[in-house]
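Read through the structure below, which is laid out as structure tokens, and then see the notes.
The values are calculated or read from the model by the stated rules, or taken from the named source; none is laboratory data. Everything quoted here is computed from the prediction, not taken from an experiment. Note: ideal-geometry Cβ built from the backbone for every residue, glycine included; neighbour counts use all protein chains shown.
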Amino acid sequence: MLSAVLAGFVVAACAPWLAARLGARTGWVLAVLPLALTLYFASFLPRIAAGESMLFQYAWIPGLDIRLGFLLDGLSLLFALLISGIGTLIVIYAGGYLAGQRDLGRFYLFLLSFMASMLGLVLSDNLITLFVFWELTSITSFLLIGFNHEDKTARASALQGLFVTVGGGLALLAGFVLLAQAGGSYDLSMLLSQGEAVRGDALYLPLLLLLLLGAFTKSAQAPFHFWLPNAMAAPTPVSAYLHSATMVKAGVYLLARLQPVVGGTMEWFWLVSLTGALTLLVGGVLALRATGMKRVLAYSTVMALGTLTLLAGIGTPAAATALVTFLLAHSLYKGALFLCAGIIDHEAGVRDLREMGGLRRAMPWTATASIIAALSLAGVMPLFGFIAKEALFEAAVQAPELGTLLTVVAAVGAMFAVAVAGLVAVRPWFGVQATTPRTPHEAPPALLLGPLLLAALGLLFGLWPGLAEHGLLAAAASAVHGAEVVPALALWHGFNLPLLLSVAGLLLGLLLYVQWARVQALLQRLPLERYGAERAYEALMTWMVDVAAWQTRLLQSGYLRRYIFITLATLLLVSGYALATRYPVWPALDISDLRFHELVIALVIVLAGLAAVKARDRLAAVAALGAAGFGVALLYVIFSAPDVGITQVLVETLTVILLVLVLFRLPGYVNTSRGVIHVRDALMGVAVGGLMTWLLLEARNVKLFPSISGYFIEQSVPGGHGHNIVNVILVDFRALDTLGEIFVLGLAAVGVYAMLKLRAEDRR
Amino acid sequence: METVMAFVVGGLYAAAVYMMLRRSIVKLVIGLVLLGNAANLLIFTAGGLTRGAPPLIAEGALLPDGAVADPLTQALILTAIVIGFGVLAFAVVLIHRAYEVVQAVNMDKMKDTDT
């Protein structure tokens, strides 16, 4: 299982090398890998269909409780088969579609990496592993959307897709962490039985919101739907694979996967089903508003994703059945339709629906595949799409709440789907032969294989629903619902409400299609370019850049005093807060052991410090500085530190001499600040000084660790053979410190010498 | 006495901070010197103050006679004082050199590298 997931990455790494040698045949050769994976996953079908679920585990980061675990049950197997199966067709198709492109190797590198990531995503048992694969699909999607990197729109669309999905991914990671805390494990196989504990957790609502944000952005739910149509900047095989059949369904996969854990509550129902319903309607309206064939298909994908989310929200056994059935049906027909759109673009050179017509005579096979797939999209008997639609209606009618509303939404969705099907499968093929940039001709076998096979499967499953149901869908629905579900899919359920809705949707949809030109013109008037969700995204991006610029100007002003001010303000806030909360009692001010001469020295130091501040000229300031320094030296001597005192006297003398010598070559003081600034800085000084006083008073009563001074005192004579303990510490116990100090002094001396010498040479 | 010392340290810090927030680079240097003294005194006081008992051991003895002042803080401060002086000397010469090049001690005018 591990090698099945990782094989994609290995082959991807070899793809550029293979492409350089095999040229146009690369697609057929590379397709062997996904084909082998499809067969491998298919070999699990009998066991999964019998109700088993399998767990494969490999230790990865044992210390962090991260295992590389793979969970294979009905849901993950359904996805794995779709990914590898459609992947096989896409790899072959891409070989024909991109034939002769110099970047073919790079394309296969990205595509196969994506396939492996997606497989890892749906098979992962561990949440962290799942997240890693989740982000990998975002990154490979970014690379694939921006494949034509010389095109500015492609680059912008790639970034947009990346920001939206990775932003959601961050929320998802946080959600996973909360979920693991609530459920006590990072493993899905464990979490699936912890639903009660998770739903009862105090953090249930935040974790649900975070998880949903991740799923909704990935699956292009309103209001994050805008990135998906823009992702159509990618080459068509990518659109067919990532942005209709697989990657965008990752969010739906997550919803379906976690439904037994976090689903079933009122919050879940309202949030998920209403978001799905909104997305469905938004997608439908926008699909009829667009004119580019790929864009129409992209918006109808948004619609389908909304439908799937809606079904995940309802959460009944009927909804679970409808979810997996609709998922399979949609992957089959939408994949086929996208591939046909690619063929029309490739062989006839048109993309806009309004410029197409009468192409069926030139490309009969493409037309056949496209029309069968579109009939499935429209939900016409006897195709699999019809069964999926019936299941959808049944689930909506039986919804525990809002049944009427959801049924109406589902019916409206069906109506939109019929109109879209007409647009993409009637308009290009029938009617007057349109003049196209290229003379239209039938596509080569590599391009035809995918759409024909997918369309045929849609027909096969429609005529024989039991094949799909008993093979996999029953097991998948059970995994989604968390308990056994018996779907009972059939073409004919008798005369009932769903059938009535189907017929009504079909008729209304046809009407909508006939009137499309008028509807499209009407919808075009909606001011979405000015007020749509995409504008909000752009405004957010602009705002982020503005905030970054503003805070850089604020924090990185280039004025040293502002940096110091900000640093000190942070110190005040953080240390002040820590002190105030941990030691709320003001320490006692004990002055019982005060001696008069000490108090005098202390006063002299403080007054000298103040004098250094207040001094009008530099000489007075340096003199005051010296007085303060000598006062400090006296204190050292009084409090048993003669060595320190002596050093301080020496250094203070040198400092004064140095300052007098050098500073007096500089111009005198000029007062440049306003009074307010002086007051503000003085207040900051007093605040920092007060904080240090407070800290020192508290520190005297706190001893976190026993002092190591005792060791130095005991070992001074036996260990260091010295009687002056301070000296022994400096040259023996902490000799390396002293060595470092010597180096610093040496460097400073070299620097000083260099600067003085430089000046001398300048003058010469 | 520690209480009084805490206020001395606070006073020195306040003076140092005020000077470091000025535009004149000369005042910045004075602030740095004050800051060094304040920090040393802070460490010295935090280790505890003892009168008349320097950490010395009499000739021939193994241990000091009775309790002595904490030698560790003294060693640390000794290092700090010397390093502080090294840095100060370097800074002062650097400032002087910078003044010769840009003809300004106002740091706002030293901000741009073009001058």
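Here are the numbers:
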quantity: Residue selected from the stretch A:561-599 under the condition over 28 Å from A:Val702 (Cα atoms), out of contact with any Asp or Glu (no Cβ under 9 Å at 6 or more places or on another chain) and not aromatic (Phe, Trp, Tyr), by the criterion nearest to the other protein chains (Cβ to nearest Cβ); calculated: A:Ile564
quantity: Residue check for B:Asp108: at the interface with another protein chain (Cβ under 7 Å from one of its Cβ atoms), within 24 Å of A:Gly740 (Cα to Cα) and among the charged types (D, E, K, R); calculated: no
quantity: Members of the stretch A:199-218 that are charged (D, E, K, R) and more than 13 Å from A:Met266 (Cα to Cα); calculated: A:Asp201, A:Lys218
quantity: Members of the stretch A:384-417 found to be under 28 Å from A:Pro364 (Cβ atoms) and over 35 Å from the mean Cα position of the chain (by Cα), listed by number; calculated: A:Phe386, A:Ile387
quantity: The stretch A:391-429: number of residues that are outside any helix (DSSP H, G or I) and more than 25 Å from A:Tyr93 (Cα to Cα); calculated: 5
quantity: For A:Val649: the one exception among (1) more than 47 Å from the chain's Cα centre (by Cα); (2) at the interface with chain B (Cβ under 9 Å from one of its Cβ atoms); calculated: (2)
quantity: Selection status of A:Phe416, of a type in the set (Phe, Trp, Tyr) and in contact (Cβ under 8 Å) with a residue 60 or more places away in the chain; calculated: yes
quantity: Residue among A:Ala318, A:Ala322, A:Ala329 that is modelled with pLDDT under 90, small (Gly, Ala, Ser), within 33 Å of the chain's Cα centre (by Cα) and in a helix (DSSP H, G or I); calculated: A:Ala318
quantity: Lone unmet requirement of (1) surrounded by fewer than 23 Cβ atoms within 10 Å (Cβ to Cβ); (2) under 19 Å from the mean Cα position of the chain (by Cα); (3) within 7 Å of chain A (Cβ to nearest Cβ) for B:Pro54; calculated: (2)
quantity: Residue satisfying condition, being closer than 14 Å to B:Pro55 by Cβ and among the small types (Gly, Ala, Ser), within set A:Gly722, A:Gly751; calculated: A:Gly722
quantity: Scan of the stretch B:84-99 for residues that are at pLDDT 85 or above and more than 8 Å from chain A (Cβ to nearest Cβ), ordered by number; calculated: B:Ala91
quantity: Candidate set from the stretch A:195-211 (those that are at pLDDT below 90 and among the aliphatic types (A, V, I, L, M)); member that is nearest to the chain's Cα centre (by Cα); calculated: A:Leu203
quantity: So A:Ala687, is it more than 7 Å from chain B (Cβ to nearest Cβ), within 29 Å of B:Phe7 (Cα to Cα) and among the aliphatic types (A, V, I, L, M); calculated: yes
quantity: Residues of the stretch A:662-688 that turn out to be part of a helix (DSSP H, G or I), of a type in the set (A, V, I, L, M, F, W, C) and modelled with pLDDT under 85, as a count; calculated: 2
quantity: Subset tally (residues that are among the small types (Gly, Ala, Ser) and surrounded by 23 or more Cβ atoms within 10 Å (Cβ to Cβ)) for the stretch A:27-41; calculated: 1
quantity: Among the candidates A:Gly335, A:Gly349, A:Gly342, residue that is in contact (Cβ under 8 Å) with a residue 40 or more places away in the chain, crowded, with 21+ Cβ neighbours inside 10 Å and farther than 30 Å from A:Val480 by Cβ; calculated: A:Gly342
quantity: Hits in the stretch A:144-201 (condition: in contact with a Phe, Trp or Tyr (Cβ under 6 Å, 6 or more places away or on another chain) and farther than 28 Å from A:Pro223 by Cβ); calculated: A:Ala180
quantity: Selection count where residues are surrounded by fewer than 18 Cβ atoms within 10 Å (Cβ to Cβ), assigned to a helix (DSSP H, G or I) and touching a residue at least 40 places away in the same chain (Cβ under 8 Å), scope the stretch A:135-155; calculated: 1
quantity: Where B:Leu34 falls short, out of the listed (1) closer than 30 Å to A:Ala569 by Cβ; (2) at pLDDT 90 or above; (3) in contact with a Lys or Arg (Cβ under 7 Å, 6 or more places away or on another chain); calculated: (3)
quantity: Options B:Val26, B:Val102; residue that is at pLDDT below 90 and crowded, with 22+ Cβ neighbours inside 10 Å; calculated: B:Val26
quantity: The stretch A:714-729: number of residues that are more than 7 Å from chain B (Cβ to nearest Cβ) and touching a residue at least 24 places away in the same chain (Cβ under 8 Å); calculated: 1
quantity: Among the candidates A:Leu663, A:Leu658, residue that is buried (at least 20 other Cβ atoms within 10 Å of the Cβ), closer than 15 Å to B:Val26 by Cα and either within 7 Å of chain B (Cβ to nearest Cβ) or among the aromatic types (Phe, Trp, Tyr) (or both); calculated: A:Leu663
quantity: Options B:Leu72, B:Leu21, B:Leu62: the member that is buried (at least 19 other Cβ atoms within 10 Å of the Cβ), hydrophobic (A, V, I, L, M, F, W, C), at the interface with chain A (Cβ under 7 Å from one of its Cβ atoms) and over 23 Å from A:Arg618 (Cα atoms); calculated: B:Leu72
quantity: Yes/no for A:Val670 being more than 7 Å from chain B (Cβ to nearest Cβ), within 26 Å of B:Ser24 (Cα to Cα) and surrounded by fewer than 19 Cβ atoms within 10 Å (Cβ to Cβ); calculated: yes
quantity: Any chance A:Ala612 is of a type in the set (A, V, I, L, M, F, W, C), assigned to a helix (DSSP H, G or I) and more than 9 Å from chain B (Cβ to nearest Cβ); calculated: no
quantity: Subset of the stretch A:246-286 [out of contact with any Lys or Arg (no Cβ under 8 Å at 6 or more places or on another chain) and of a type in the set (Gly, Ala, Ser)]; calculated: A:Ala256, A:Gly263, A:Ser273, A:Gly276, A:Ala277, A:Gly283, A:Gly284
quantity: Number of the condition not met by B:Leu32 [criteria: (1) without any contact (Cβ under 8 Å) to a residue 40 or more places away in the chain; (2) more than 7 Å from chain A (Cβ to nearest Cβ); (3) over 20 Å from A:Val728 (Cα atoms)]; calculated: (1)
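To keep it simple, each residue is scored yes or no on (1) in contact (Cβ under 8 Å) with a residue 12 or more places away in the chain; (2) facing chain B (nearest Cβ under 7 Å).
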position: A:Ile601; (1), (2): yes, no
position: A:Arg616; (1), (2): yes, no
position: A:Ala621; (1), (2): no, yes
position: A:Phe639; (1), (2): no, yes
position: A:Leu654; (1), (2): no, yes
position: A:Phe712; (1), (2): yes, yes
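Conditions tested, residue by residue: (1) farther than 15 Å from A:Lys249 by Cα; (2) more than 24 Å from the chain's Cα centre (by Cα); (3) not in a helix (DSSP H, G or I).
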position: A:Ser76; (1), (2), (3): no, no, no
position: A:Ser84; (1), (2), (3): no, yes, no
position: A:Ile92; (1), (2), (3): yes, yes, no
position: A:Gly96; (1), (2), (3): yes, yes, no
position: A:Ser113; (1), (2), (3): yes, no, no
position: A:Ser117; (1), (2), (3): no, no, no
position: A:Ile128; (1), (2), (3): yes, no, no
position: A:Phe133; (1), (2), (3): no, no, no
